[in-house]
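Reading through the structure tokens given below for one structure.
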Amino acid sequence: MNRVMKGLCLGFGGLALAAGYFVMRPPKSAPPKEIRVPMTPESVARGKYLYEVVADCDGCHGERNWGKQLAPVVRSAAGFTFPPAMGLPGRVTAPNISSDPVAGIGAWSDGEKLRAIREGIGRDGRALFPMMPYGAYRHLSDRDAEALVSYLNTLPAVPDQRPRTEIDFPVSVLIKSAPAPVEGPVAEPAELGEYLVKLGGCADCHTQKQNGAPIAGKELAGGEIFRTDKFTVVSANITPDVETGIGRMTEAAFIKRFHEYREYEQTPLPDATQKNFTLMPWLQYSRYSAEELGAIYRYLRKQKAIVNKVTVHPES
Ligand code: HEC
Ligand code: HEC
């Protein structure tokens, strides 16, 4: 073998090693914290509010009645496998996160639960598929993150086993760069509106994506298409643009739009149709106080106005 060939072989060997390292490399992670969260009534109540309203965890993790408008939650934390119609890169399950020790996360330590929520690491050390919004949840204050775990600890056990998430290559490798340990204490938020918008994942649903990544310049401008087996809905433009966004909506009208669903929930929900189908968590958010909704409104009104005309309920 001449020197050039030898050099080439070594070069390729090196490349293969590098590629192998990239595939095998574990995600950035820290050991779970040794912590017992406070199981006080205040902490559990705060966790329940974060779980049901602010972060709408059951929007993904709950078993829902998809035959009804607004797909109300039937069984909390029971887990859900997303249908192929959603076009995700593989089989994605939002797992059973009830306190069942086998089917759910009842056997996990508090530290392991905290790490999964804020840092995107599974109990076995793997990177969670970032549809689980740990990128947003890393902003949870320490008090709120612990409150969430307090509440999770009180959830009744649901025995349903769900198929594990299996992400296709190469996305399975790319997602390893998503998790990151949370350094240092996380204080209470300075700005309520921004905090609620982050934890609610408003931008996740309200920003159009390409190959799974939000398109720059389209932040909060809507146009993201959601397909289930039966229906299609498109997210609305919630930037301050006057013609195509919420620019004409007053703060009072904005609050009313959400609070209307408080009474709506008391009546039997109509069947889901293409005309009324939505994924917007109206029932959950209707529980927000006027003060919280006002803070969300004022935060949205400070964002860049983007012109983007959207038809939220397309004909088919
Ligand atoms: C937009 C959908 C979505 C929302 C909202 C969501 N999750 Fe998840 N979650 C997922 C998915 C999908 C996974 C699984 C990822 C995987 O398996 O790689 C997951 C995984 C988890 C896990 C790890 C479970 C396991 O068995 O590995 C925990 C714990 C968890 N979520 C808790 C929560 C909590 C608490 C909330 C609300 C604060 C929440 N999630 C909100 C989609 C979501
Ligand atoms: C799971 C996806 C999802 C999430 C999360 C979500 N939205 Fe929506 N939202 C939608 C969809 C889809 C529509 C359009 C259909 C409808 O009006 O119900 C919508 C509609 C709206 C509208 C009505 C706009 C109009 O002009 O009528 C407002 C306001 C809104 N969302 C605000 C928010 C805010 C604020 C958040 C975060 C706190 C949020 N959304 C989180 C999917 C979502």
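Name the residue that is farthest from ligand 1 (Cβ to nearest atom), counting only residues in the range 197-229 that are in a helix (DSSP H, G or I) and small (Gly, Ala, Ser).
In the first step, residues of the range 197-229 are kept if they are in a helix (DSSP H, G or I); the result is 197-200, 202-206.
Next cut, small (Gly, Ala, Ser) only: 200, 203.
Numbers: 200: 9, 203: 12 Å.
Per the criteria, the residue is 203.
It is to be established whether one or more residues within the range 150-161 are away from ligand 1 (no atom under 11 Å from the Cβ), hydrophobic (A, V, I, L, M, F, W, C), open to solvent by 50 Å² or more (accessible area, probe 1.4 Å) and not in a helix (DSSP H, G or I). Checked the range 150-161: at least one residue is away from ligand 1 (no atom under 11 Å from the Cβ), hydrophobic (A, V, I, L, M, F, W, C), open to solvent by 50 Å² or more (accessible area, probe 1.4 Å) and not in a helix (DSSP H, G or I).
Conditions tested, residue by residue: (1) open to solvent by 30 Å² or more (accessible area, probe 1.4 Å); (2) touching a strand residue (DSSP E or B) at 6+ places or on another chain (Cβ under 7 Å); (3) outside the structural domain of residue 52 (by TED's automatic domain parsing).
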| site | (1), (2), (3) |
| --- | --- |
| 163 | yes, yes, no |
| 170 | yes, no, no |
| 177 | yes, no, no |
| 184 | yes, no, no |
| 194 | yes, no, yes |
| 198 | yes, no, yes |
| 205 | yes, no, yes |
| 213 | yes, no, yes |
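When you scan the range 46-55, do you find a residue that is of a type in the set (A, V, I, L, M, F, W, C), assigned to a loop (DSSP other than H, G, I, E, B) and within 18 Å of residue 163 (Cβ to Cβ), even just one? Show your work before the answer.
Going through the range 46-55, the residues of a type in the set (A, V, I, L, M, F, W, C) turn out to be 50, 53-55.
Still in the list and also assigned to a loop (DSSP other than H, G, I, E, B): 55.
Add one more test, that the residue is within 18 Å of residue 163 (Cβ to Cβ), and what stays is none.
Scanning the range 46-55, I find no residue that is of a type in the set (A, V, I, L, M, F, W, C), assigned to a loop (DSSP other than H, G, I, E, B) and within 18 Å of residue 163 (Cβ to Cβ), so the answer is no.
Name every residue in the range 43-75 that is on the phi > 0 side of the Ramachandran plot and within 11 Å of ligand 1 (Cβ to nearest atom), in order of residue number.
From the range 43-75, those on the phi > 0 side of the Ramachandran plot are 56, 70-71; that's our starting set.
Selection gives 56 alone.
Counting the residues of the range 106-143 that are within 7 Å of ligand 1 (Cβ to nearest atom), under 17 Å from residue 36 (Cα atoms) and within 18 Å of the chain's Cα centre (by Cα) gives 3.
The values are calculated or read from the model by the stated rules, or taken from the named source; none is laboratory data. Since we're looking at a predicted model, the values are computed, not measured. Glycine gets a Cβ as well: all are built from the backbone with ideal geometry, and neighbour counts include every protein chain shown. SASA here: full protein model, heavy atoms, side chains in, ligands and nucleic acids out. Shrake-Rupley method; radii C 1.70, N 1.55, O 1.52, S 1.80 Å.
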